[in-house]
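Heads up: the structure comes next, in structure tokens.
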Amino acid sequence: MRKAHKRGKSNNSLTVTAPAKINLFLEVLGKRPDGYHELETVMQEIDLADTLTLETTEGGMELTCSEPGVPCDESNLVWKAVRLFQEETGVRGGVKAHLVKRIPVAAGLGGGSSDAAAALKGLNILHAKGLSDATLMGMAAQIGSDVPFFIKGGTALCRGRGEAVTPLAVRHRFWYVLLYPDIRVSTAEVYNNLRIDLTTEKKDASLTYKALLSNSGKRLSLSLFNRLEEVALRLYPELQGFKNLLESNLSDGVMISGSGSAIFGHCENKDKGEKVRGKLQEQGVEKTFVVSNL
Ligand code: ATP
């Protein structure tokens, strides 16, 4: 089993892995009275990850990040997670955190949410609190809708605003080519521009999770669905060119992840993925990754 954290030399520091996710299926079932959207989504962690190093200190909060475009103040989800953990558990002292970003930002890959979950899991270990996943997921839900998924990670069917997580026991290794078009998409803008047509027949996630559980890449490709894709393409028309490019190199299913801008396509194996990645690079697309599920 992969180890998702590593102790520092002194016992007061810990490095935690924070993987990205892709949405293999995402349907918006409606708008809730609290303003959130009711979702049904299948999220899957992939082996593209940030790393978060946490160190307990005498007092105060300090956050640094390898990526200049990411805020290092209280708006960072890591900061929120640290503060929440301290409030909920009553632990005293400070935290020095350093984030190495590898997950493209504002790309629909859940980077900030995963970092926040990593902070909760890391502090639980550093402070030897022994909190259960259920307790950590309760805290995670207060930070953001996608954060609870990352407490257990893997692959899961998520409902509600995303916080009602049912893990799926996926044993097969699926491969994907992931393309980041260097465009930052605002998730809020995508949801605000979604037109919920009550007459449209809703898709359900069963084809996707059956494909995953039966180890069928072909069926998985055919079942990929994202209700937000049409909105993201309407708001950011330049995404279509990148999607076409990935489609022309890959016969299998290609789709935007979450609210975008990252686009992924299923491929049979790593070799095929690397070939496609090479071609995309020749065609001038720099930020591409070959990834598989965790
Ligand atoms: P979501 O779908 O939850 O909006 P995303 O995966 O599309 O997320 P993120 O990479 O999480 O996008 O970043 C969205 C915004 O959140 C960024 O523009 C950034 O200002 C802010 N943010 C807060 N904390 C973080 C973090 N730890 N890493 C990256 N961005 C963060």
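Summary of values
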{"quantity": "Cβ-placed point charges (K, R +1; D, E -1), dipole of the range 5-168 about Cα centre in debye, nearest 20", "calculated": "340 debye"}
{"quantity": "Between 0 and 90°, nearest 10: helix 238-249 axis offset from the chain longest Cα axis", "calculated": "70 degrees"}
{"quantity": "Reciprocal mean inverse distance between Cα atoms of the chain - Kirkwood radius, Å", "calculated": "19.5 Å"}
{"quantity": "Å² per residue, accessible surface of the range 135-179 at 1.4 Å", "calculated": "35 Å²"}
{"quantity": "Dipole moment magnitude, nearest 20 debye, the chain about Cα centre, only Lys, Arg, Asp, Glu C-beta charged", "calculated": "840 debye"}
{"quantity": "Options THR208, LEU235, GLY253, ranked by Cα towards positive dipole end of the range 175-292, top entry (Cβ charges)", "calculated": "THR208"}
{"quantity": "Residues whose placed amide H lies under 5 Å from that of LEU29, excluding near-sequence neighbours", "calculated": "GLU38, LEU39, GLU40"}
{"quantity": "Gyration tensor (alpha-carbon) shape descriptor, the range 5-168, a/c threshold 1.5", "calculated": "prolate"}
{"quantity": "Carbon + sulfur, % of accessible area of the range 114-238 - ligands and nucleic acids excluded, 1.4 Å", "calculated": "50 percent"}
{"quantity": "Shape of the range 175-292, Cα gyration tensor, a/c cut at 1.5", "calculated": "oblate"}
{"quantity": "Computed over the range 175-292: relative contact order in percent, which uses C-alpha pairs under 8 Å that are six or more apart", "calculated": "42 percent"}
{"quantity": "Dipole axis of the chain (+1 Lys, Arg; -1 Asp, Glu on Cβ), positive-most option in GLY144, PRO71, ALA97", "calculated": "ALA97"}
{"quantity": "Residue-averaged 222 nm ellipticity for the chain, from DSSP H runs of 4+ at -39500 (n - 2.57), nearest 500", "calculated": "-10000 deg cm²/dmol"}
{"quantity": "Leading residue at positive end of dipole, the range 5-168 (Cβ point charges), from ASN12, ALA116, ILE46", "calculated": "ASN12"}
{"quantity": "Assigned charges on the beta-carbon of Lys, Arg, Asp, Glu; the range 175-292 dipole about Cα centre (debye)", "calculated": "260 debye"}
{"quantity": "Distance violations [Cα-Cα > 19 Å] among LYS96/LYS152; LYS80/LYS101; LYS31/LYS80", "calculated": "LYS96/LYS152; LYS31/LYS80"}
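The values are calculated or read from the model by the stated rules, or taken from the named source; none is laboratory data. A quick note: this is a predicted structure, and the numbers were derived from the prediction, not measured. A quick note on method: Cβ atoms are made from the backbone with ideal geometry, for glycine too, and the neighbour counts reach across all protein chains shown. Heavy atoms of the whole protein, side chains included, go into the accessibility calculation; ligands, DNA and RNA do not. Shrake-Rupley method; radii C 1.70, N 1.55, O 1.52, S 1.80 Å.
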